[in-house]
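For reference, the structure is listed below as structure tokens.
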Amino acid sequence: MKEIKDYSLLPHNTFGMDVKASLFVEYESVEELRSVLSDKKRMAGGWLHIGGGSNLLFKGDYAGTILHSAVRGYEVVAENEREIEVRAGAGEVWDDFVAYTVRNGWYGAENLSLIPGEVGASAVQNIGAYGVEAKDLIVSVETLEVETGRERLFTREECRYAYRESIFKKELKGKYIVTHVTYRLSRQPVFHLEYGNVRGELEKQGREVTLENVREVIIAVREAKLPDPRVQGNAGSFFMNPIVPRKQFDMLQQQYPDMPHYEVDGSRVKIPAAWMIDRCGWKGKQIGRAGVHSRQALVLVNCGGATGDEVISLAMQIQQSVFQKFGVAISPEVNFI
Ligand code: EPU
């Protein structure tokens, strides 16, 4: 177990905020986590469990304990000729897991290539891209209860997944820590190529539809659109795509016939926040040391030395102008700490 006082969180937040935690604890096993949780005095001073730090915006130093998982490893727990179930440690880097599934010829995770973060967060956030979400793969999520240190397994249904949403972000927020996640992958080809025109991109490059090629094309598309946090601090999509009632969308569509949208169900429609932010003229704009990325309006960037408050103030101005123009409220996907 690693325990460090006055620890710089710079390597643990992709926004590049140079803040400190009073204490940083990295555990390598479920037993180690249990012993940390049982130290009630330490936990009482406030705690935050982080993953890859790709969805966090620190407003200042963190006075409590930052917990980080180094629970690693993959294990095949079930298989037949059609499918395979893999149990992964919460501390594995998500994209390493995707690379591992692709190397083994298992289908399902490839559209989620290069999403920053770790396995544990994939199950809390229900990460998603190009028409696939983590929930499509998750079989079960193993956790420890913070209060008691007891193990509890959640089935996929019990996790109550929705778009970027789960029980761990809502009713049970702060109550359970994910230790392992079991995913189901297919041994037979199943591709999702329509969303975001992955198929078009494969055709343009004259590539066959294979697992490796889909992964490579998705990586290329992400790299072309999203800034590399090692070069420019950012947390990927800063806002979620709002879901609005069909009636409201129909009205908007009359005014903006080219408004892109995705059907959620019969009564609701998802509108890309990026498109609305772009239409409000924010793309490439900078206020103080915080800015809107020039190739993807959904991504806010640290132009160098920005504080959390500068980013939040920019975010609020964006929310206001989107609401004024479209009457749609957009909310952050990023957590403010
Ligand atoms: N668009 C614009 N201007 C922009 C960017 C996009 O008009 O600056 C338009 C595009 O033309 C497109 C629509 O907005 O019609 C949607 O854009 P895109 O396909 O790039 O996806 P997104 O909705 O902006 C979501 C996820 C991403 C994920 C992509 C691909 C959320 C909050 N974001 O973005 O996830 O990679 O789809 O599936 O759902 C993340 O969560 O950090 C993330 C990067």
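The values are calculated or read from the model by the stated rules, or taken from the named source; none is laboratory data. Quick caveat, the model's predicted, so the values are computed rather than measured. Ideal geometry is used to build each Cβ from the backbone, glycine not excepted, and the neighbour counts take in all protein chains shown. For accessibility, only protein heavy atoms count, side chains too; no ligands or nucleic acids. Shrake-Rupley method; radii C 1.70, N 1.55, O 1.52, S 1.80 Å.
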*With every protein chain present, what is the per residue accessible area of the range 239-336 (1.4 Å probe, Å²)?*
48
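How high is the relative contact order of the range 211-337, given as a whole-number percent (alpha carbon pairs under 8 Å, six or more residues apart)?
27
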*Indicate the gyration tensor shape class of the range 2-69 (rounded, prolate or oblate), computed on the Cα atoms with a ≥ b ≥ c the square roots of the eigenvalues: a/c under 1.5 is rounded; otherwise a/b larger than b/c is prolate and the rest oblate.*
prolate
*How large is the charge dipole for the chain, taken about the Cα centre, if only the Cβ atoms of Lys, Arg (+1) and Asp, Glu (-1) carry charge, to the nearest 20 debye?*
1000
*asked:* Per-residue counts of other Cβ atoms within 10 Å, averaged by peptide: what ranking do you get for 114-120, 258-264, highest first?
replied: 114-120, 258-264
*On the protein heavy atoms, probe 1.4 angstrom, tell me the percent of accessible surface of the chain carried by carbon and sulfur.*
48
*Taking the mean number of other Cβ atoms within 10 Å as a proxy for protection, how do you rank 1-10, 157-166 from highest to lowest?*
157-166, 1-10
*Please list 223-236, 297-310 highest first by mean number of surrounding beta-carbon atoms within 10 Å per residue.*
297-310, 223-236
*asked:* Using amide H atoms built in the peptide plane, which far-off residues or other-chain residues are under 5 Å from GLY64 H to H?
replied: SER22
*Could you pull out every residue, at least 5 positions away or on a different chain, whose amide H is within less than 5 Å of the one on ILE138? Hs are placed 1.01 Å off N in the peptide plane, and Pro or chain starts have none.*
ARG184
*From the square roots a ≥ b ≥ c of the eigenvalues of the alpha-carbon gyration tensor of the range 155-282, which class results: rounded (a/c under 1.5), prolate (a/b over b/c), or oblate?*
rounded
*Starting at the first residue of the range 329-336, write each ³J(HN,Hα) from the Karplus equation 6.51 cos²θ - 1.76 cosθ + 1.60 with θ = phi - 60°, in whole Hz, x for Gly and Pro.*
8, 10, 10, x, 8, 6, 8, 8
*What shape does the chain have by the C-alpha gyration tensor, where a ≥ b ≥ c are the square roots of the eigenvalues, rounded means a/c under 1.5, and otherwise prolate means a/b greater than b/c and oblate the rest?*
oblate
*asked:* Full-extension gain between GLN188 and HIS261, please, as 0.36 nm times their residue separation minus the C-alpha to C-alpha distance.
replied: 23.2 nm
